[in-house]
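Before any comments, here is the structure.
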Amino acid sequence: MTATVKKLISLVLFFIAIGYVVATDADMSTKVVDDDIGNVDGFVGAGETFYLQQVLPKLSENGCVKCHARGYMRPTMSYQSMLSRLAIGDSAENNAVIYKIANVRSFAPEIPNHPGGQRCATIDAEPCKSIRQWWQIEFGQQRTDK
């Protein structure tokens, strides 16, 4: 195979990889968010902003990216992926994310609910504290008004 053909194949594979990343990274695209009273909040909603500025750095500091980097283990640490798990539950303390990382409802202490181990000493410690605040931003008003 000539050097030109090898370069062409490498270039094609590069563009395929970039296309895959762009196509699967919909949660990073800009969007207009409409809140409950009809106000447009620019490109990103308050919940996503809080997640990106407060929650994601705490998860990263805690070592979560070691296992939950893109393509390694579900859920990814993208906003949309984490939001879908945060929505499983009915309060800031009772949701799938808190259950996993705080090791709530494990069968036994030596068999953690989260294969990566207990990531929060208590639900008041980071990153659980920030995740609970994020839940309030995303769902607090709707779920407390039942």
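The values are calculated or read from the model by the stated rules, or taken from the named source; none is laboratory data. Because the structure is a prediction, the values reported are computed rather than measured. Here the Cβ positions follow ideal geometry from the backbone for every residue, glycine too, while neighbour counts run over all protein chains shown. Protein only, heavy atoms only, side chains kept; ligands, DNA and RNA dropped before computing areas. Shrake-Rupley method; radii C 1.70, N 1.55, O 1.52, S 1.80 Å.
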*If we scan segment 129-146, do we find a residue that is closer than 19 Å to Pro75 by Cβ, of a type in the set (D, E, K, R), at pLDDT 95 or above and out of contact with any Leu (no Cβ under 9 Å at 6 or more places or on another chain)?*
yes
_Considering only segment 53-61, I want to know if a residue exists there that is aliphatic (A, V, I, L, M) and in contact (Cβ under 8 Å) with a residue 40 or more places away in the chain._
yes
*For residues that are open to solvent by less than 40 Å² (accessible area, probe 1.4 Å) and either of a type in the set (A, V, I, L, M, F, W, C) or under 21 Å from Tyr72 (Cβ atoms) (or both), tally how many sit in segment 106-115.*
2
_Members of segment 82-105 that are under 11 Å from the mean Cα position of the chain (by Cα) and either of a type outside the set (Ser, Thr, Tyr) or open to solvent by less than 20 Å² (accessible area, probe 1.4 Å) (or both)_ = Met82, Leu83, Arg85, Leu86, Val97
*Any chance segment 42-53 includes a residue that's modelled with pLDDT under 90, more than 19 Å from Ala92 (Cα to Cα) and open to solvent by 80 Å² or more (accessible area, probe 1.4 Å)?*
yes
_segment 110-139 residues that are in contact (Cβ under 8 Å) with a residue 24 or more places away in the chain, paired with ones that are open to solvent by 30 Å² or more (accessible area, probe 1.4 Å) and assigned to a loop (DSSP other than H, G, I, E, B) (beta carbon under 6 Å, 6 or more apart)_ = Arg119/Asn62; Ile123/Glu93; Pro127/Asn62
